[in-house]
1. Inspect all residues belonging to segment 740-751 and state whether any of them is at pLDDT below 75 and of a type outside the set (A, V, I, L, M).
2. Looking for whichever is farther than 30 Å from Ala355 by Cα and touching a residue at least 60 places away in the same chain (Cβ under 8 Å) here; the options are Leu137, Leu111. Which one fits?
3. Considering only segment 776-790, I want to know if a residue exists there that is modelled with pLDDT of 70 or more, small (Gly, Ala, Ser), outside any loop (DSSP other than H, G, I, E, B) and under 19 Å from Ile647 (Cα atoms).
4. Inside segment 443-529, counting only helices (runs of 4 or more DSSP H) that do not spill past its ends, which hold 2 or more residues that are over 28 Å from Arg568 (Cα atoms) and polar (S, T, N, Q)?
5. Among all residue pairs at least 6 apart or on different chains, which show Cβ distances below 9 Å where the first residue, located in segment 823-849, is in the same structural domain as Arg805 (by TED's automatic domain parsing) and the second is among the hydroxyl-bearing types (Ser, Thr, Tyr) and part of a loop (DSSP other than H, G, I, E, B)?
6. Under the condition of being part of a helix (DSSP H, G or I) and out of contact with any Leu (no Cβ under 7 Å at 6 or more places or on another chain), which residue from segment 292-303 is nearest to Ile330 (Cα to Cα)?
7. Looking only at segment 209-262, how many residues end up being buried (at least 21 other Cβ atoms within 10 Å of the Cβ), under 13 Å from Ile289 (Cα atoms) and acidic (Asp, Glu)?
8. So Val760 passes all but one of these: (1) under 23 Å from Leu621 (Cα atoms); (2) free of Cβ contacts under 8 Å to residues at least 60 places away in the same chain; (3) buried (at least 19 other Cβ atoms within 10 Å of the Cβ). Which condition number does it fail?
Amino acid sequence: MNSSFSLLFIFFSFYLIAPSIGVEKENFSVSDIILLSNQGKLNQAKQKSEKWVDHEIKIHGENTIHETLPRIILGRICLTRQEYTEASNQFKKTLEIFDKTTGWLYPDYALTLNYLCTSYILQGRKDEAEKWMNQILSILDNTLGNTNANQVHYLGNKGLIAFRNGDIRNAEQYFTEADSLSKTIEEKFTFDNDFSDLKIYIGKLYNATNRQDLAQEVLNKELSRLKEKGWDKSANYARCKLVLGEAMMLDGLYEEAEKQVTKVRDIAEEMLGKNHFAYASINTTLALIFYHQSRFLEAEQLLNTSIQIYQKDTKEKFKYVECFVGLINIKIKRGDYSDVEQMLNKVESLLGEEARNNLYFETTKARWYIINGRFVDAEILLTSQLEQLRFTHNMYTRNFVESYLDLIELQIYMGRVERPKKLLKQGKALLLKVKQDSTINFAEVLAVEAYLAESEMDFQTALKKNQESLQLMHNIFGERHYAMAIVNEQIGRDYYHLHQYDSANVYINESLELFQKYVTASEVHFIQARMYKALLAIKTNDYQSALSIYEELSKETISGTILNTRVRSGWAYTYALLKEWSKAEEIIIAAVEDRFRFYEQTMRYSSSQEKMKYLQNTNTLFDRFFEIFDMMGDEVSPLMLKHCYDIQLQFRDFFLVETRDRLNHMYKYRQERIKQGFPSYTSNILKGRDQIATLNFFTEEQREKLNIDQSKLQFKINNLEKTLVLASNEYVGKQEMTKRLTWENVKEKVKENEVAIEIVKLRTSGKRVTKYIALLVHSQSEYPIKIDLGEDEFLEGKVFFNYQRQSLPLGRGLTFVNEANDDDPYNNYWKPIKDKLAELSITADKIYLVADGIYNLININTLKNPNTEQYVIQEDFVRQLTSTTAEYNNEPKVRKKHQRALLIGNPVFDEKLIKNSNTRGTISKGLNVKLAELPGTGKEIKNSQDMLTENGWEVEIFTRDAAKEEVLKSLKKSAEVIHIATHGFFINHLKNEINENSLLRSGLFFSEYTNSEARSLEEIYQSGNDGILTAFEVAGLNLQNTDLLILSACQSGVSEVTEGKGISGLQYAFGIAGVKTVIMSLWSVDDKATQELMTQFYKHWNETSDRYVAFRQAQLDMLEKYKRPYFWGPFVMVN
């Protein structure tokens, strides 16, 4: 009994203490101080608490137990005043005194720890708080038990920690348990309003989980309770109203929210004055409400006021940073970019190592990266921060939604649509589930869905989505809001692309009026609206207005970015329409130069697939260049000719050379990691790519059975590749920038009796006809020489049809002769080049040729001169290259000893079909392909083995069941020669493909394909070996040791004509993998003739040690036996 009484006495010594404490005549009491607090007289409450501490020290000396209660009271008042750092210091000092006097089992020790933990949590230092929780529980277990106010406070802190950790379920459970326990505490405490904190926390939790209706219910009840007790001027009353205002804001009730928060600010001003942290904090909330209403200038003013308050005392660093980041966000939103970089650096300096954990700062920094075109950095930041926001259940905040949509728009802009589709679907479903379908969040999701439809050229769907979004915004905001300016601009854009120019003009004008109200002239959406205004002016031949707009925009955009160079390309095009060639030329050339610099700086660490997609999505600048080039006709200047040639070189090299160098860099990093016994993660990338390729050839039903998130798999691969590139640069040294080569480098390489020719498909925008030209360089060239070849529709249609008819086997039937002979392949594809050489009096012993467009599908050597009845191979020595900057002679001068050759062929296919096909081609396209046996490849591999072995080569062969895809993927070091004889394929369009990468549409078949029915889907997927080796997978192989690759298979050299950039197909993929020279086919090949051709090639190579001469001679030998190119001409050798 005595023990219980003493414990109760200790417990109530704080809560039910007599009116006087310490020296009675000084009149220091808990109840008086708390009464001042509840009356909103927080300054007086703090002053009295401080005096009490000083009084106890004066009477009893420092560090005695007498000063502990006054310090606890002082710390509690500081908590109420939101002076968290000072509160923490008071609680820590109190604990020090307890350590020296009573020890840690004293119940007030738990009380003080609870308050210290609360102050830590509210400062964002939850990890420090979490360390003390077990000790609090231990004190209570060993003293007061678990049915007291301390336990209520403990559970409240546990709930706060769980809430900050994103553990919503446990947070709600702790808060509910604490709330229930508080109602069972019979004693009436002076600190009874502590329990009001629980209601506030529960309200915040409901807000964070989109249960604003419950939040408002709880908070309104608590407000009524506090008012009944006469505490309607207390800090907790104000805090209740503040959280209630936040709930209204989340519901889109901005006017009501503003009224609530303004009242709270008035209370804070009366309590603490205008220069206090609490006042600054409320200003920050009010600024957020203004921000959502597009009242940017008012929000900016409030945040500047708060920043000035926080600057006076740096103790509240996190609150200061929150204001500063909010201000940066407004500046970005308004297009006021001048100080953003400096401000971000300041915040980063303030936060130090804590910067990466500050979600608000990191997502803001990502937005700035997007504005500056640093897309890879932005995506990495947004992805990581959104995961944390999702984990902490902040999925309904505007910061989350804006960041979520920023990431989706960025991915769409970079050419990826599958994952954005899935993310938008999930986001929309989530908003519908929580009844946010009438909020700004939902309206903006609709607008991004419209942007996605625009990226797929579906402008009707885009228009419908944008109109739905605009209507919803009208319902929320009325007639005016910044977001409505963006949607109006998008609607105007949609009408423009639908050729409804009057409607486009109406919406663009509306957007311009709104932008002028809310943002500066540099804001990106405002700039885009004015760009479309310029395009509409061009449609009405108002060129001067367009010129004025473009000139103005060129000064307002950030120099060198995608947007800036797009503006300048439109400016140059307008001058071209006026035939002011010199101005058009100056502007477009400078824009192209800046664009390439931008690519080098920003896309360096993109994954290879992202880079390809992104460059394809942002190539309108180059289309404008080619359009202006074409418009100039015979007036095209030498400078334009030089840059036209350089664009071809740089665009192709940016893909091929840089990607190949990157792969080499990553393999070096892999070797270093493996040496040290660590995983390199490169294998994870390769396995992921293999799995993507495997899934691409599965049916939808098969994919559903596996239940694989395809877009997430691709997303993970891209992210892993980007981070590995960054890591490899830090670990083995930065990858050197590929030197940009020009036509002058080509001129230096060609000898007096040689020429280099780049075929160029002049890709143009709008309705202009696309044309083919050749650009010729010789040793005496002052600039590249232009040769007109014809229009794409004619060369890719009628002429190519005739070429195929002449090249493929003769069948039974009528052959129609074109009397005009205007579609003769030689006369159209080659004669213009020969005529120009004759005109220049150049006798070329060697012609180095780079194909583009339709020239990728023809073998120049098989064109027959109708005048001489000779083929090109008989009249000219044509060497085909991937780029005229490539090495012209990469034949090793001295043969290595112990050279190795890897021969793979004659896989097991379908013996039943052997009589039906003697060509290496597919019977049908798609996954359901029946492949005939290829016995000729067995002989080809055997003959090649014999010849190579006779000449000292170390030969390894894999045939029949052993001829597997896995052989190439598991190579430790590639052989100097690799010879593959099998079926190949190229598919223009694959049904139900999961990835639009053109490298997935060409490849080779191996033995695993035949045995696929005996293996489970899971086994095939996990291994990534389905017997279909795509170019996509090839691009990740390490074949840097391979000098020559022979693809003795059908269509192994085919790529998409529409690409027009030479970046699709097996040729490109093997080039990335490191192969120096490739022999490949352009059409389904004859099995027997191919066997003979390869046999002759090895024979001549052994005799001459020059593979180029040997290959040409082998084809000439075959020409003697087989007159039709079908038999001797399907193969091309490309360096």
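The values are calculated or read from the model by the stated rules, or taken from the named source; none is laboratory data. Keep in mind that what you see is a predicted model, and the values were worked out from it rather than measured. Positions of Cβ are backbone-derived with ideal geometry, glycine not excepted, and every protein chain shown enters the neighbour counts.
1. There is at least one residue in segment 740-751 that is at pLDDT below 75 and of a type outside the set (A, V, I, L, M).
2. Numbers: Leu137 fails: touching a residue at least 60 places away in the same chain (Cβ under 8 Å).
Going through Leu137, Leu111 in turn, the sole match is Leu111.
3. Taking every residue of segment 776-790 in turn, none turns out to be modelled with pLDDT of 70 or more, small (Gly, Ala, Ser), outside any loop (DSSP other than H, G, I, E, B) and under 19 Å from Ile647 (Cα atoms).
4. Counting at least 2 such residues, we get 459-477.
5. Once the first residue is in the same structural domain as Arg805 (by TED's automatic domain parsing) and sits in segment 823-849, its partners that are among the hydroxyl-bearing types (Ser, Thr, Tyr) and part of a loop (DSSP other than H, G, I, E, B) give Leu837/Thr843; Lys846/Tyr888; Tyr848/Thr884; Tyr848/Tyr888; Leu849/Thr884.
6. Phe296
7. Summing the residues that are buried (at least 21 other Cβ atoms within 10 Å of the Cβ), under 13 Å from Ile289 (Cα atoms) and acidic (Asp, Glu) in segment 209-262 gives 1.
8. If we test Val760 against (1) under 23 Å from Leu621 (Cα atoms); (2) free of Cβ contacts under 8 Å to residues at least 60 places away in the same chain; (3) buried (at least 19 other Cβ atoms within 10 Å of the Cβ), just (2) comes out false.
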